[in-house]
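Note sheet for the following structure.
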There are 2 protein chains.
Amino acid sequence: MVNDTTPSANGNSNGSTKQKPQYDPEFTDSVISATGPNASPRMRSVMASLIRHVHDFARENDITIDEWMQAVQMINWAGQMSNERRNESQLLCDVIGLESLVDEITNKLLVGAGADYELTKSAILGPFFRHDTPSTHNDASIIKNMPSDGEIAYMHGIIRDAVTGKPIENVIVDIWQCSTNGLYEQQDPAQTEFNLRGKFTTDKNGYYGLYCLRPVPYPVPDDGPAGKLLQLLDRHPFRPAHIHIIAGNNEYTPLTTQIFDKKSKYLIDDSVFAVKDDLLVDFKPTKANSKASLELVYDIRLARKS
Amino acid sequence: MVNDTTPSANGNSNGSTKQKPQYDPEFTDSVISATGPNASPRMRSVMASLIRHVHDFARENDITIDEWMQAVQMINWAGQMSNERRNESQLLCDVIGLESLVDEITNKLLVGAGADYELTKSAILGPFFRHDTPSTHNDASIIKNMPSDGEIAYMHGIIRDAVTGKPIENVIVDIWQCSTNGLYEQQDPAQTEFNLRGKFTTDKNGYYGLYCLRPVPYPVPDDGPAGKLLQLLDRHPFRPAHIHIIAGNNEYTPLTTQIFDKKSKYLIDDSVFAVKDDLLVDFKPTKANSKASLELVYDIRLARKS
């Protein structure tokens with residue numbers, strides 16, 4: 001943090017030799033106290049905290065009108081780029097790690113601070129999920145358009161109760177990935193709708209299985225404010241190779257996660273900070289399966305709803 | 001602020017009896033340290049501070065994915081409502097006092113912390129300024145459409161150097177206000193373009209003068225996310241009666257301010273926190289002027305550019 005050496009009476013810092021201006025010490029409290037008596041307790045406390053952080057940030061960094069207006073225009077730009085197929089404000093949050101952080105917070109709250117069993121770790125949803133992916137049968141392929149440089153993987157596993165270890169029947173497993181050009185089907189007019197997406201249901205043995213592509217690294221869309229921010233921060237836009245998963249049902253809390261090819265580039269510098277060691281997986285060459293050159297075994301452990 | 005009693009080792013608070021989850025204490029530093037070597041020093045320090053504040057805010061309040069996504073959708077909505085005539089992200093900042101705060105910061109930085117002369121106080125620009133207001137001659141009227149419930153005021157004053165007190169010639173004084181229906185001309189198809197806007201130039205005596213309306217209180221536009229936020233905070237959307245002014249030229253730092261009718265409602269609970277005691281003005285009844293029933297004398301003191 002900048003100039004965090006000697007906080008002065010009004011909360012400003014005086015780390016530099018140039019004397020910093022003293023800002024009205026009562027302003028922030030006056031804004032917070034404008035909240036009326038009928039605001040919900042959650043709204044009241046969250047907004048009080050947000051206002052205090054935003055004001056402290058502005059004072060600590062002496063944010064000028066011009067700098068603030070640049071940020072305002074960037075946020076307007078994000079909204080203007082967003083539509084049913086793209087969420088640029090979400091992507092802006094992703095590149096500063098915020099989605100990954102609220103994902104951690106939400107999952108720790110869901111399972112409770114004292115849980116002593118081993119749930120599969122969560123990871124961020126990202127902006128490319130679709131609610132309307134059709135269901136299909138186990139061992140189907142999600143590859144509707146086979147790219148010439150694609151490698152087919154047989155991905156399968158057992159979904160278990162995280163406490164008892166018992167397989168769970170009728171878990172919905174929603175899978176999506178981009179093609180080898182780095183584009184999800186909704187970003188790419190050349191791909192058939194729902195290409196590389198599928199929704200599977202575990203059988204009585206907890207089994208799910210499908211054919212998919214070995215994933216590849218790709219850049220997050222960098223033609224908008226998130227790309228501009230990455231550029232200003234001198235960072236690359238790449239994500240490591242991954243497959244998205246949501247697994248759950250009425251009895252088991254849906255888990256949103258991503259699995260990462262352990263041989264991929266960008267595992268240590270994912271542009272959206274989603275990689276966790278537990279989510280690294282091994283695509284193994286196989287000759288036993290005529291439909292795939294690779295096999296990926298991935299079991300998932302879910303928490304029963306409380 | 002919520003639960004700000006006993007910060008724990010990882011920056012979380014434990015004000016309640018329920019144990020709070022422990023979040024990864026290294027995550028925020030890992031996001032900040034992703035910034036590359038070629039980022040500008042200002043970008044590096046501002047974004048490090050922003051990331052830390054945003055992450056601390058999320059952890060201190062246990063922000064969930066659903067809450068965060070509601071905020072993301074609100075920000076997208078703000079961008080989608082914004083255009084050349086409306087800036088909703090700016091308005092969102094205004095209702096949490098941020099524009100008023102960066103206005104204070106910017107003006108204190110401009111005039112220097114040790115300035116001992118009396119400059120006219122600044123106030124926020126707001127979203128309704130137009131860059132292309134035509135110039136006109138002193139003592140002209142900015143009223144192109146006279147509302148039936150309007151009161152005409154003769155507004156005039158002398159622009160002076162804040163140090164020497166000497167009148168300044170050739171200062172551009174840009175004035176804008178809404179009509180008695182609470183709408184600025186670009187919001188209201190019934191108003192002629194540039195109604196209630198005018199750009200004046202001081203004469204050799206530092207004099208500017210014009211005919212305008214006595215301003216009225218009005219609500220900020222509440223059909224978008226800023227209105228939604230005000231509603232969630234149980235606050236009204238009204239601003240006290242005011243007239244906008246920008247005054248300056250090549251030699252004198254342009255001052256952006258607003259003057260407020262001291263008899264107006266909402267002086268103590270302006271929805272965008274812009275009122276300052278120094279900016280309260282008195283519209284006095286007059287019978288000496290056949291063109292106006294009110295007179296407002298307002299002098300302005302400007303800082304010479306350094």
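The values are calculated or read from the model by the stated rules, or taken from the named source; none is laboratory data. In this text, all values refer to a predicted model and were calculated from it rather than measured experimentally. Backbone-built Cβ (ideal geometry, glycine too); neighbour counts: all protein chains shown.
The set of residues in region A:237-270 that are within 14 Å of another protein chain (Cβ to nearest Cβ), out of contact with any Asp or Glu (no Cβ under 8 Å at 6 or more places or on another chain) and either without any contact (Cβ under 8 Å) to a residue 24 or more places away in the chain or not in a strand (DSSP E or B) (or both) comprises A:T253, A:P254, A:Y266, A:L267, A:I268, A:D269, A:D270. Got at least one residue in region B:213-225 being touching a Lys or Arg at 6+ places or on another chain (Cβ under 7 Å), within 18 Å of A:V31 (Cβ to Cβ) and in the same structural domain as B:E151 (by TED's automatic domain parsing)? Yes - at least one qualifying residue is present in region B:213-225. Is there a residue in region A:104-114 that is of a type in the set (G, A, S) and surrounded by 15 or more Cβ atoms within 10 Å (Cβ to Cβ)? No, every residue in region A:104-114 fails to be of a type in the set (G, A, S) and surrounded by 15 or more Cβ atoms within 10 Å (Cβ to Cβ).
Inclusion of B:D222 among residues that are more than 23 Å from B:K291 (Cβ to Cβ), assigned to a loop (DSSP other than H, G, I, E, B) and within 18 Å of the chain's Cα centre (by Cα) is warranted. Number of residues in region A:259-292 that are of a type in the set (S, T, Y) and surrounded by fewer than 16 Cβ atoms within 10 Å (Cβ to Cβ): the value is 2. Identification of helices (runs of 4 or more DSSP H) wholly contained in region B:33-96 with 2 or more residues that are small (G, A, S) and either assigned by TED's automatic domain parsing to the domain that holds B:G224 or buried (at least 21 other Cβ atoms within 10 Å of the Cβ) (or both) yields B:41-60, B:65-81. Residues that are in a strand (DSSP E or B) and of a type outside the set (A, V, I, L, M, F, W, C) were ranked within region A:271-306; the one that is farthest from the chain's Cα centre (by Cα) is A:P285. Pairing residues of region A:77-95 that are closer than 12 Å to B:Q80 by Cβ and within 7 Å of another protein chain (Cβ to nearest Cβ) with residues that are crowded, with 23+ Cβ neighbours inside 10 Å and of a type in the set (D, E, K, R), at Cβ distances under 6 Å and at least 6 apart in sequence or on separate chains, gives A:A78/A:E88; A:S82/A:E88. Residue count for region A:151-194 under the criterion of being among the basic types (K, R), surrounded by 16 or more Cβ atoms within 10 Å (Cβ to Cβ) and outside any strand (DSSP E or B): the result is 0.
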